[in-house]
1. If you rank C13, C191, C141 by fewest surrounding Cβ atoms within 10 Å, what's the result?
2. Quick query: amide H of E170 versus all other amide H atoms, modeled in the peptide plane; which residues come in under 5 Å with a sequence gap of 5 or more or a different chain?
3. On a full-extension model of 0.36 nm per residue, what is the gain between K27 and N11, subtracting their alpha-carbon distance, rounded to one decimal in nm?
4. Kindly put W38, W203 in sequence by how many other C-beta atoms sit within 10 Å of each C-beta, fewest to most.
5. Given the -39500 (n - 2.57) contribution per DSSP H run of 4+ residues, what per-residue ellipticity at 222 nm results for the chain, rounded to the nearest 500 deg cm²/dmol?
6. Return the whole-Å distance between the Cα centroid of region 10-50 and the Cα centroid of region 207-242.
7. Along the principal axes of its C-alpha atoms, what lengths does the chain span, in descending order and rounded to whole Å?
8. Quick check on the exposure proxy: order M51, M72 from fewest to most C-beta atoms within 10 angstrom.
Amino acid sequence: MHEIITDIKNNVCTLKISNNLNQKQLKKLKIFLQNCNWKIETVQTLSLEQMKLAHILLKELGELIGYTGQEMRVLLQNEFCKSREISYFSLSPSKINAASKEIAKDFITYIIEFAVLNGYNLILHEGYGEKRTLKSAREVCPDIQRMVLACLRTKTCIVCGKINSDLHHEPPLGTEYELDDGLQTGFLPLCREHHNERHNTSWEEFKNKWHLENMWLNPNLIMELKKVYPGHFKAFKKENYE
C-alpha cells in the first residue's frame with residue numbers, strides 16, 4: 001500500500017502520493033477518489049510522551065545489549081508485531097501508520113518485559129549535567145502487573161533489579177507456608193533488603209514509594225512458578241485444576 005500524505009493549504013486539500021505509481025495506477029486512483037464517499041475519523045495515535053519514552057527505552061536497552069536504538073526498535077518491533085499479529089506501525093504520531101495509544105502502551109510494556117526476562121536492569125537517564133536524573137523502568141511501565149510477573153518468573157527484585165530474590169506474600173502470610181496454596185495472597189519478588197523494608201513499613205507507604213502493585217496468581221501461573229520457587233505453594237493441589 002502506498003503512503004498518502006494530505007496537505008491542506010488555501011482551502012485546497014492536496015494528496016501527495018509516491019511517484020512509483022505508473023500512469024495506469026494513477027488514473028485508477030483518480031477515478032476512485034472522484035467517485036468515493038468521504039468521511040473523517042479521528043484516530044487516537046500515540047502521544048509525544050509515549051514516542052519519547054519508547055525511544056529512550058530502546059536506546060537504553062540497546063546500549064546494554066550492544067545495539068543502536070534503531071536496531072533495537074527493528075528487532076523488538078518485528079517480534080512484537082508477529083506475536084500480536086498486527087501490521088508494522090510507526091512510533092511517530094505524524095505518520096499515517098502511527099501506532100494507536102493502546103498499541104504504544106503495549107509496546108512500551110513489551111520492551112520492559114523483554115529487558116527483565118533477558119536479565120537487563122533497565123535504568124532511564126534523563127537530562128544532562130546537574131539536572132540529570134535516573135529512573136527505573138518500573139516507574140514508567142504502563143502495565144506494572146506485567147512487569148511484576150516478568151520479575152516473578154526470573155526471581156528479579158521488582159524494586160532494584162537484583163536477582164535471586166525472595167517471594168514475598170502481600171499481605172504477609174506469616175510462617176504458615178504449609179497452608180499456602182498461592183491463592184490466598186498476592187505476591188511480589190523482593191530482594192532481602194526490600195523484603196525487610198516491606199515488613200518494617202505499611203503496604204500503602206511501600207507501594208506508593210516504589211510505584212507497585214502486588215500480583216495475584218491463577219492456578220496456571222502457580223504451576224509455572226512452583227518450578228521457580230520450589231519451597232512455596234505447598235498446599236496447592238495440581239490435580240484439582242487439571
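Readers should treat all values here as calculations from the given coordinates under stated rules, not as data from a laboratory. Everything numeric here is computed off the predicted structure, so don't read it as measured data. Positions of Cβ are generated from backbone atoms using ideal geometry, with glycine treated the same way; all protein chains shown enter the neighbour counts.
1. Going from sparsest to densest Cβ surroundings: C13, C191, C141.
2. Those lying under 5 Å, H to H, from E170 are G186, F187, L188.
3. Working it through step by step, the gained length comes to 3.4 nm.
4. On the way: W38 6, W203 14.
Least crowded to most crowded, the residues run W38, W203.
5. So the calculated ellipticity at 222 nm is -13000 deg cm²/dmol.
6. Spelled out, the Cα-based centre of one part sits 51 Å from the other.
7. 77, 55, 33
8. Details: M51 19, M72 23.
Fewest to most other Cβ atoms nearby, the residues stand as M51, M72.
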